[in-house]
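Undergrad: One structure coming up, written as structure tokens, with questions to follow.
The values are calculated or read from the model by the stated rules, or taken from the named source; none is laboratory data. Only a predicted model underlies this, so the values are computations on that prediction, with no experimental measurement involved. Note that we place each Cβ from the backbone using ideal geometry, even for glycine, and neighbour counts take in every protein chain shown.
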Amino acid sequence: MKLMLLFLTMSSLTLTGQVDTTLNIICEFPGGFQKVQEILSKHLVYPLSASKDKIVGKCYIKYVVDTLGNPTNIEVQKSLRPDCDSGAMLAVSHLTGWKPALLKGRKVPIKMTQPINFTGPKE
């Protein structure tokens, strides 16, 4: 199974729920992008039914990295199909331990979007 994982967007939430794009420091994942890919690849399962149906494509998972560095409010932003979406959401839930974003020296939650590309099982 070959999966391509990329970050798409980030923005912070203010206490009023408004999006603030003036972050001092964005959140960081220990080990960087490679570690994110490693964790997602480890926990992302290509659904058997999707493999059988030869489904390929991309779903987008949005979530908030909270002030403790954990992914919360995980939802599908753009669906591929329900079984792939569920697997992608579960994989994203394993991305714990972020260094939180800072705004004026305070930790703030930040919105993230994670595209996950299902390219099918390796032959």
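Undergrad: Which of the residues spanning the range 75-90 are without any contact (Cβ under 8 Å) to a residue 24 or more places away in the chain and touching a helix residue (DSSP H, G or I) at 6+ places or on another chain (Cβ under 7 Å)?
TA: Residues satisfying the conditions are 76, 79.
Undergrad: Quick check on residue 55: is it β-branched (Val, Ile, Thr), under 14 Å from residue 103 (Cβ atoms) and at pLDDT below 95?
TA: No, not satisfied.
Undergrad: To continue, here is another question. Can you tell me which residue in the range 91-108 is nearest to residue 39 (Cα to Cα), limited to those that are assigned to a strand (DSSP E or B) and free of Cβ contacts under 8 Å to residues at least 60 places away in the same chain?
TA: Taking the candidates together, the pick is 107.
Undergrad: What tally of residues in the range 56-107 results from selecting those that are touching an Asp or Glu at 6+ places or on another chain (Cβ under 7 Å) and at positive phi?
TA: 0
Undergrad: For the range 44-63, which positions are out of contact with any Gly (no Cβ under 9 Å at 6 or more places or on another chain), touching a residue at least 24 places away in the same chain (Cβ under 8 Å) and surrounded by fewer than 17 Cβ atoms within 10 Å (Cβ to Cβ)?
TA: 49, 57, 58
Undergrad: For the range 41-90, give me each residue that is in a helix (DSSP H, G or I) and farther than 24 Å from residue 28 by Cβ.
TA: 48, 49, 50, 51, 52, 82, 83, 84, 85, 86, 87
Undergrad: Scan the range 23-37 and report the pairs whose first residue is free of Cβ contacts under 8 Å to residues at least 40 places away in the same chain and whose second residue is outside any loop (DSSP other than H, G, I, E, B), with Cβ atoms within less than 9 Å and a gap of 6+ or a chain change.
TA: Correct list of pairs: 31/38; 31/39; 33/5; 37/3; 37/4; 37/5.
Undergrad: Filtering the range 65-123 down to residues that are among the β-branched types (Val, Ile, Thr) and in contact with a Pro (Cβ under 9 Å, 6 or more places away or on another chain), which residue is surrounded by the most Cβ atoms within 10 Å (Cβ to Cβ)?
TA: 65
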